[in-house]
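S.K.: The structure that follows is given in the form of structure tokens.
The values are calculated or read from the model by the stated rules, or taken from the named source; none is laboratory data. This structure is a prediction, so every number in the text was calculated from the model and none was measured. Cβ: placed from backbone, ideal geometry, glycine included. Neighbour counts: every protein chain shown.
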Amino acid sequence: MEKKKPAIQERLPFNEPAPCPTVPVPPGPIPAPPPAAPRDQVTLTVDDKTVRVPEGSTLLEACRTLGIDTPTLCYLENLNPVNVCRVCVVELEGSRTLVPACSRRVENGMVIRTDSERVRLSRRMVLEFLASSVNVSTAPELQAYLEQYGGQPERFGPAAPPEAAEEPGTERPAVDCPTDGRTAATVAQPVKIDNDLYIRDYSKCILCYKCVQACGEEAQNTFAIAVAGRGFDSRISTEYSVPLPDSACVYCGNCIGVCPTGALMFKSEYDMREAGTWKESDQERTDTICPYCGVGCTLTLHVQENQIVKVTSPLDQEVTRGHLCIKGRFGWQFVRGKGRKK
Amino acid sequence: MDLHIAGQSPDRDERSAVDSVLGPLQAGKVESYHLQQERPDRSKRHLLLPVLHAINSRVGWISPGALNYACSRLNLPPAEAFGVADFYGLFSMKPRPRAVIHVCDDIACLIRGAPAICEQLAGRLGPPGAAEPSSGLTWLRSPCLGLCERAPAALVSAAGPKPWECALAPARADALLAAADQPEHRPEAPPVPTSRSVPQQGQPGLRLLRRVGRLQPESLKDHLAQGGYEALRRAVELGPERVIREVMDSKLVGRGGAAFPAGRKWEAVYRARSSQPVRYLVCNADESEPGTFKDRVIMEEDPYLLIESMTIAGVATGCERGFLYVRGEYPLAFERLSHAIRQARRHGFLGKRILNLDLSFDIEVRRGAGAYICGEETALFNSIEGYRGEPRNKPPFPTEVGLFGRPTLVNNVETLVNVPGIVLWGGRSFAAVGTPGSTGTKLFCLSGHVGRPGVYEVPFGASLASLLELAGGVGGSGRLQGVLIGGAAGTFLSPRELDTPMTFEGTRAIGAALGSAVVMPFDDSVDLSRILLRIAAFFRDESCGQCVPCRVGTVRQEEALFRLFGGDVQGIGQAPLQLAEIGQVMSDASICGLGHTASSAIQSALARWDEFSGLRQGLNPDH
Amino acid sequence: MGGGTSSYQEIEDSDLILLWGSNARETHPIFFHHVLKGVNRGARLFVIDPRRTSSAQWADGWLGLEVGSDIALSNAMAREILDAGLENRSFIEHATSGFDEYCRSVESYTLERGERETGVPAESIRKLAHEYARADRAELCWTLGITEHHNAVDNVLALINLALLTGHVGKYGSGLNPLRGQNNVQGGGDMGAIPDRLPGFQHVESDELRARFERAWGVEIPPKRGLHLSGMFDAMEEGKLTALYILGENPAVSEADQGRAQRLLGGLECLVVQDLLMTDTAAMADVVLPAAAGWCESDGTVTSSERMVQRVRRALSPPPGVRDDLDILYELARRLGSDWGRPDPKRIWDELRELSPMHRGMSYERLEALEGIRWPCYDESHPGELFLHSRLWQEPLLGPRAPFSPVEFEPPVDELNERFPLRLTTGRRLDSYNTGAQTSSYSSPLRRGESLDLSPEDGERYGVLEGERVKVVSRRGSVIAPVRFDTGLRPGLAFMTLHFPDEVQTNQLTIDAVDPKSGTAEFKASAVRIVKLAASQPG
């Protein structure tokens, strides 16, 4: 081994006294962003009530202004609406079809009904369709809507055995496909566990596209997952369904953060659920700041029995908008790791 | 962007397939990142679909090495490119034999011999898609190939250094196997006289079909000799506003199915010029509605007519770039249009300084890849742009926010080819033909149990009965059970509705729609329940999967139909109610027209339950 | 006051974003989300970094300069801006001083010289200079690529000069932003954990300011500034410093020229380490004080890179025997004979508000309600400042002029030569953090362990293969590490992290040439060579 050299000698003098500033700088005017362009008010009628909202608002925002409860599944405040679940549809006078409240912009003079027979039927059917094809056991919101709208998903028949709903093939089905109407097709499939941080149970996926948005341009811009396939075989997938460690995934977990059905889940939560030790009602949530870099991300620590069991971030937090990185989301195990005094 | 491209590298074939579209890789451009000072171009995503076609037809499937290479060239994440490729029916995401026989088993072919072909192929090659990649040959079932007048139809494709595709109709199993057994050699398709497709060929009074069979489709000279480009010259004389005025006066409405006034779209796109200098013209030639083949006949037999029509539209509305999106299953139309565009460009009818004037317009042809949904205009935009062919939410409408986010004029083939006549003879004279609500002539696609199947052109106003008569009356047993009009998204009519005028208003009056002008009669031997199940399967298969009502609804609809016809499965009593509710949520709450109409034909047949003997047969016990 | 002048929201609304010596994509991922919002809305992004990092792959332009040639680049940009007449003349005249001297100082930095010193093509320098000067709004952000050099402060001054030259400071969407590497490195500064400052950046050598603290605390404060970290090590070497109390640092591993650092720590008469983990430094200590995790086991505040003071909250009880930092300090005070009572974070914060005008308006109630406030916040009706230095745009100018500070390019101290031909630079990876004390406890699928990252061309040149273990030798020490090829590195440039000291003690290689003004060591520029291991040598 080469002999160690001393530190080279061009060391510069340190602690050379810099002059101490004399007068404090006076405060300037309070800085503000440039004023936003004024928005006109738009007047419309929802369920016979008149409401005025700023131009560019959505029907959903108008409904919420009036306190009208509108179910949503694929909608999330911090993402652009994709309006695919169609559970938020409302009746717009003069429109042949129902319109999605989450994305349709208000116009002057619109007349909206949110509780007509047509609206209720569509919402109920959407919920029944999902509950009959997807495992909604960890989607309390969807279950509540289902009850509220009187859905009976079992009326489409018993769930098809998982063999019939394995990893979708590329063969084009036709008249002689396995369907015979005795069972209802589902998206049942084995849970994907390919890393220690989070699991993917696509039998619980309602294809709301939120994870794709969060992985893509709306937050993380990693694009590790996309929707693949078509029709009922559509699914969230990496390229050629490769396991996550072979994909572009950077484990920011922002897909978990937006998943409404528990299809994407912390491995820690999944393991506790499997072991029967997951007790959400016993958990406390505390907001704090991430211990790593200096960006200042708010972490919501979910704590059960003095253990962190998962980490989220508030959607309305202006630094994170609910999104974190791998360290903030998963890097908390050292708190209970070896090396801490017991 | 920080792409993560891992796994397989491209081999020579895969590389050359991608390079054939994108050009050879410049040294040090992608593979040595540290040499690259600027962000790679992300604006080439729209070349993804052509690249995927090149890969699929070179190596027979979309292989990971090829996709990785394409992604590195296009600066695209592999997961996204995979999601796009996996969307299309004509691409395979796993290794498969070089030669593939696509056998149409859709409604028109189903009643005209497709089951026998399928049975024979299954006997030779096993179940569809089952063959090992090394076997060199496999077969698949296909939705309607748009060759219904010559049913049964099949399309054979062979991948390799010299890939080819060949449509065979009428098809026979032995001929298909013979063709596919020699993937190195493109088979000589037996010549089929154009009169098989256009029985009216040569008759007086035809407008759109006037030249079919009378010119060499490849020949620009022929086109010019028979009045070609007179309309374009006239349009230039008239100027944009006058041309649009004429189109308005003609009351021409879109022939693609939605029946929207063409002039209003033209004007909107023209008007947008002040705020949006870049606008696009799109010709929707993704003719995929089962039973529809009229646009194919025009494109194959009179390609310059369409090219000239698009040029007029581009010049009139000020779009300098047009996209012509041709259905992937129409190889001959694609070939002839591509050739016609090259010829027109070479002779100054496309490109910069058209007719030596200060006018620019050019056309890019794009091939679909097996997705009915891409006939929906906004899904078509996404497909051109290199995204999954998922429809967009409307509003905003294409004339405001269309292709690449720009104002876009999108018209169907038949709509556009009406334009030269309107320009030459005036909008008013066009409007004088037909009925007040449906002006001009109309192309109808007659297939199924009819004497002389083919495309027929008649002035609007003819009744369904007279159309059937024109086409040689009811075929098969000669005893009519019912007629499907408008295609899989259309309506079943019973024999007592034969006097319905085949106009927009006439069909609307009985709760039907003209749709893509399919007229498909079924004789009394047909088990209509099988037809309905095939239609249900079609929508289940072609739903893009984006919205819940359609993605799950098309599946539940098919299941409920099985219960309805099966008789012995539980829930029989509920099936009609379920079908009605499924139909309602699909038509009320789906994003696009596919979902809106996915239950239309089925509901119309069930509404005529007592009149269709074939429905009450139920499923055959052996099925 | 030292801190980023802009807020993250302004990054999204800016027209041009310059990341200089920062791989924010991996080191500040959520800040980079804001950058990407801007980019996706059409902002131009330029990245200046010797490596073509994942951040650089998002850039419209990447300037792959030689390690440590930042001043040559910024001065060349300045000269080009002046040459093209693109400087913001009215701002310069209104709000700055020393402009003429600055002009003279950059005179020799022609584009050609810029290209020669930095290795960046002159055309790229010209283009960036023009775009930066012409942009309506431009944000300049940097990280340790600027500050882990022997001339760190000069590097920062060079960037400030550019902003003054173009008027890109003190306006919405234009500013200068050091991205802080640790969750409270800004807060530490705010609180006076700087050798020459008291809380609120108040200078300890100002009699008037010091007197205010002395009155409040009832003690006399030494009137002279203290030592920064590198100074302390020098003082240890000179035998002037013999006892050290370390709170939450791991210098035995994290200091440049690790061999020296460990030797000096080992020679102390008394070493006390207060840390939540048993770090390598703690293992050397005479006394270890196990501390609670500040971010989840105690209450308080931290300050982010956008000067946002935010609350941290206790969510867990610390393990038995582990005490809150405040508890420990209070207990220490009591045993030293001064009973401060019971520790109460809120009361301590209120004391700070009394003494630090820039924090005065930040009551705990307001910090809770507003989810954080950016300093300065002078009173309880003040919203906190979205961006700093708005005063520079006031008519007439408020306060003193902002001075240009001419700086000269000096190459890194550790010279390259035939014996040490490779430039080794260091940095972080996405899933790991500093010496890995915290991040090694979770199982990251991205983690590959330490490696010597080389360009594939260098791999060929030195005849080493991917995965091959080699000896990396610097003037100070050597380590053995496996080779990994990275196409983001150009020939002559090597990269390592400090994340896996149990595998590879990278800081055996780094140089502790220190910036005289900040005390930061030149982690970013060491000279090394590769020695192939004999085939028989165990791997």
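S.K.: Could you give me the residue pairs with C-beta distances under 7 Å whose first residue belongs to region C:426-443 and is facing chain A (nearest Cβ under 7 Å), whose second residue is of a type in the set (D, E, K, R) wherever it lies, and which are 6+ apart or on separate chains?
M.R.: Close Cβ pairs (under 7 Å, with a partner that is of a type in the set (D, E, K, R)) amount to C:Leu430/C:Glu26; C:Asp431/A:Lys327; C:Asp431/C:Arg447; C:Tyr433/A:Lys327; C:Thr439/A:Lys327; C:Thr439/C:Asp431; C:Ser443/A:Asp196.
S.K.: If you don't mind, there's one more thing I want to ask. Of the residues B:Arg327, B:Arg271, which single one is charged (D, E, K, R) and surrounded by fewer than 23 Cβ atoms within 10 Å (Cβ to Cβ)?
M.R.: That would be B:Arg271, the only listed residue that is charged (D, E, K, R) and surrounded by fewer than 23 Cβ atoms within 10 Å (Cβ to Cβ).
S.K.: Quick one: B:Glu335 ticks every box in (1) touching a residue at least 12 places away in the same chain (Cβ under 8 Å); (2) closer than 20 Å to B:Ser219 by Cα except a single one, so which number is it?
M.R.: Failed condition: (1).
S.K.: Say whether the condition of being touching a Leu at 6+ places or on another chain (Cβ under 6 Å) and within 7 Å of chain C (Cβ to nearest Cβ) is met by at least one residue in region A:324-332.
M.R.: yes
S.K.: If you scan region A:39-85, which residues turn out to be at positive phi and either surrounded by 15 or more Cβ atoms within 10 Å (Cβ to Cβ) or among the charged types (D, E, K, R) (or both)?
M.R.: Once the filter is applied, which keeps residues that are at positive phi and either surrounded by 15 or more Cβ atoms within 10 Å (Cβ to Cβ) or among the charged types (D, E, K, R) (or both), region A:39-85 yields A:Asp47, A:Asp48, A:Asn83.
S.K.: Determine which member of the set C:Val531, C:Val504, C:Val464 is buried (at least 19 other Cβ atoms within 10 Å of the Cβ) and farther than 16 Å from C:Gly427 by Cα.
M.R.: Result: C:Val464 is the single residue among C:Val531, C:Val504, C:Val464 that is buried (at least 19 other Cβ atoms within 10 Å of the Cβ) and farther than 16 Å from C:Gly427 by Cα.
S.K.: Only one of (1) closer than 23 Å to C:Ser7 by Cα; (2) in the same structural domain as C:Ser356 (by TED's automatic domain parsing) is not met by C:Ala158, so which one is it?
M.R.: Just one mismatch for C:Ala158, condition (2).
Residues are listed down the side, and each one gets a yes or a no for (1) touching a helix residue (DSSP H, G or I) at 6+ places or on another chain (Cβ under 9 Å); (2) modelled with pLDDT of 95 or more:
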residue	(1), (2)
B:Gly83	yes, yes
B:Tyr88	yes, yes
B:Arg96	yes, no
B:Gly129	no, no
B:Leu137	yes, no
B:Cys144	yes, yes
B:Ala167	yes, no
B:Asp174	yes, no
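S.K.: Kindly state which helices (runs of 4 or more DSSP H) lie completely within region C:74-126 and contain at least 3 residues that are assigned by TED's automatic domain parsing to the domain that holds C:Leu63, under 28 Å from the mean Cα position of the chain (by Cα) and surrounded by fewer than 14 Cβ atoms within 10 Å (Cβ to Cβ).
M.R.: Because the criterion is at least 3 residues that are assigned by TED's automatic domain parsing to the domain that holds C:Leu63, under 28 Å from the mean Cα position of the chain (by Cα) and surrounded by fewer than 14 Cβ atoms within 10 Å (Cβ to Cβ), no helices (runs of 4 or more DSSP H) in region C:74-126 meet it.
S.K.: Follow-up question, since we're still on this one. Which is among the basic types (Lys, Arg), assigned to a helix (DSSP H, G or I), surrounded by 17 or more Cβ atoms within 10 Å (Cβ to Cβ) and modelled with pLDDT of 95 or more, of B:Arg392, B:Arg342, B:Arg336, B:Arg366?
M.R.: Matching residue, one of B:Arg392, B:Arg342, B:Arg336, B:Arg366: B:Arg336.
Residue-by-condition table, conditions (1) assigned to a loop (DSSP other than H, G, I, E, B); (2) in contact (Cβ under 8 Å) with a residue 40 or more places away in the chain; (3) under 17 Å from the mean Cα position of the chain (by Cα):
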{"site": "B:Glu119", "(1), (2), (3)": "no, no, no"}
{"site": "B:Ala130", "(1), (2), (3)": "yes, no, no"}
{"site": "B:Ser134", "(1), (2), (3)": "no, no, no"}
{"site": "B:Cys144", "(1), (2), (3)": "yes, yes, yes"}
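S.K.: I'm told C:Gly449 meets every condition in (1) crowded, with 16+ Cβ neighbours inside 10 Å; (2) in contact with an Asp or Glu (Cβ under 7 Å, 6 or more places away or on another chain) except one. Can you identify the failing condition by its number?
M.R.: Checking C:Gly449 against (1) crowded, with 16+ Cβ neighbours inside 10 Å; (2) in contact with an Asp or Glu (Cβ under 7 Å, 6 or more places away or on another chain), the one that fails is (1).
S.K.: Sort out which residues of region B:354-382 are within 13 Å of the chain's Cα centre (by Cα) and within 14 Å of chain A (Cβ to nearest Cβ), and write them in order of number.
M.R.: B:Gly368, B:Ala369, B:Gly370, B:Ala371, B:Tyr372, B:Ile373, B:Cys374, B:Glu376, B:Ala379
S.K.: Next question. Which numbered condition trips up A:Val258, out of (1) within 11 Å of another protein chain (Cβ to nearest Cβ); (2) touching a residue at least 12 places away in the same chain (Cβ under 8 Å); (3) within 19 Å of A:Gln220 (Cβ to Cβ); (4) of a type outside the set (Lys, Arg)?
M.R.: Condition not satisfied by A:Val258: (1).
S.K.: OK, next. Whether any residue in region C:328-339 is β-branched (Val, Ile, Thr), part of a loop (DSSP other than H, G, I, E, B) and touching a strand residue (DSSP E or B) at 6+ places or on another chain (Cβ under 8 Å) is what I want to check.
M.R.: The answer is no; no qualifying residue exists.
S.K.: Applying the selection to region A:166-199, what residues are at pLDDT 75 or above and away from chain B (no Cβ under 11 Å)?
M.R.: Of everything in region A:166-199, those that are at pLDDT 75 or above and away from chain B (no Cβ under 11 Å) turn out to be A:Ala188, A:Gln189, A:Pro190, A:Val191, A:Lys192, A:Ile193, A:Asp194, A:Asn195, A:Asp196, A:Leu197, A:Tyr198, A:Ile199.
S.K.: Within region C:470-499, work out how many residues are out of contact with any Gly (no Cβ under 7 Å at 6 or more places or on another chain), within 25 Å of C:Ser440 (Cα to Cα) and not in a strand (DSSP E or B).
M.R.: 2
S.K.: Of (1) touching a His at 6+ places or on another chain (Cβ under 8 Å); (2) among the aliphatic types (A, V, I, L, M); (3) within 24 Å of C:Ser298 (Cβ to Cβ), C:Ile373 satisfies all except one. Which?
M.R.: The single condition C:Ile373 does not satisfy is (1).
S.K.: Given the criteria under 25 Å from the mean Cα position of the chain (by Cα), on the phi < 0 side of the Ramachandran plot, not assigned by TED's automatic domain parsing to the domain that holds C:Val47 and not in a strand (DSSP E or B), does C:Leu465 qualify?
M.R.: Here the answer is no, as C:Leu465 does not meet what is asked.
Each row is one residue, and each column tells you yes or no for (1) within 7 Å of another protein chain (Cβ to nearest Cβ); (2) touching a Ser or Thr at 6+ places or on another chain (Cβ under 9 Å); (3) not in a loop (DSSP other than H, G, I, E, B).
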residue: C:Met362; (1), (2), (3): no, yes, no
residue: C:Leu367; (1), (2), (3): no, yes, yes
residue: C:Tyr378; (1), (2), (3): yes, no, no
residue: C:Ser381; (1), (2), (3): no, no, no
residue: C:Arg391; (1), (2), (3): yes, no, yes
residue: C:Val407; (1), (2), (3): no, yes, no
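S.K.: Looking for something charged (D, E, K, R), within 14 Å of chain A (Cβ to nearest Cβ), over 30 Å from C:Arg113 (Cα atoms) and in contact (Cβ under 8 Å) with a residue 24 or more places away in the chain - is there at least one such residue anywhere in region C:341-359?
M.R.: There is no residue in region C:341-359 that is charged (D, E, K, R), within 14 Å of chain A (Cβ to nearest Cβ), over 30 Å from C:Arg113 (Cα atoms) and in contact (Cβ under 8 Å) with a residue 24 or more places away in the chain.
S.K.: Filter region C:12-50 for residues that are aliphatic (A, V, I, L, M) and within 11 Å of chain A (Cβ to nearest Cβ) and give the result.
M.R.: C:Ala24, C:Ile30, C:Val35, C:Leu36, C:Val39
S.K.: All but one of (1) at the interface with chain A (Cβ under 7 Å from one of its Cβ atoms); (2) over 20 Å from the mean Cα position of the chain (by Cα) hold for B:Asp541, so report the exception by its number.
M.R.: (2)
S.K.: Okay, moving on. Looking only at region C:258-303, how many residues end up being closer than 21 Å to C:Thr435 by Cα, at the interface with chain A (Cβ under 10 Å from one of its Cβ atoms), touching a residue at least 12 places away in the same chain (Cβ under 8 Å) and part of a loop (DSSP other than H, G, I, E, B)?
M.R.: Residues that pass the stated criteria total 8.
S.K.: Is region A:284-291 home to any residue that is buried (at least 16 other Cβ atoms within 10 Å of the Cβ), charged (D, E, K, R) and within 10 Å of chain C (Cβ to nearest Cβ)?
M.R.: Yes: one or more hits.
S.K.: When only residues in region C:145-194 that are in contact (Cβ under 8 Å) with a residue 12 or more places away in the chain, in a helix (DSSP H, G or I) and among the small types (Gly, Ala, Ser) count, which is nearest to the other protein chains (Cβ to nearest Cβ)?
M.R.: C:Gly187
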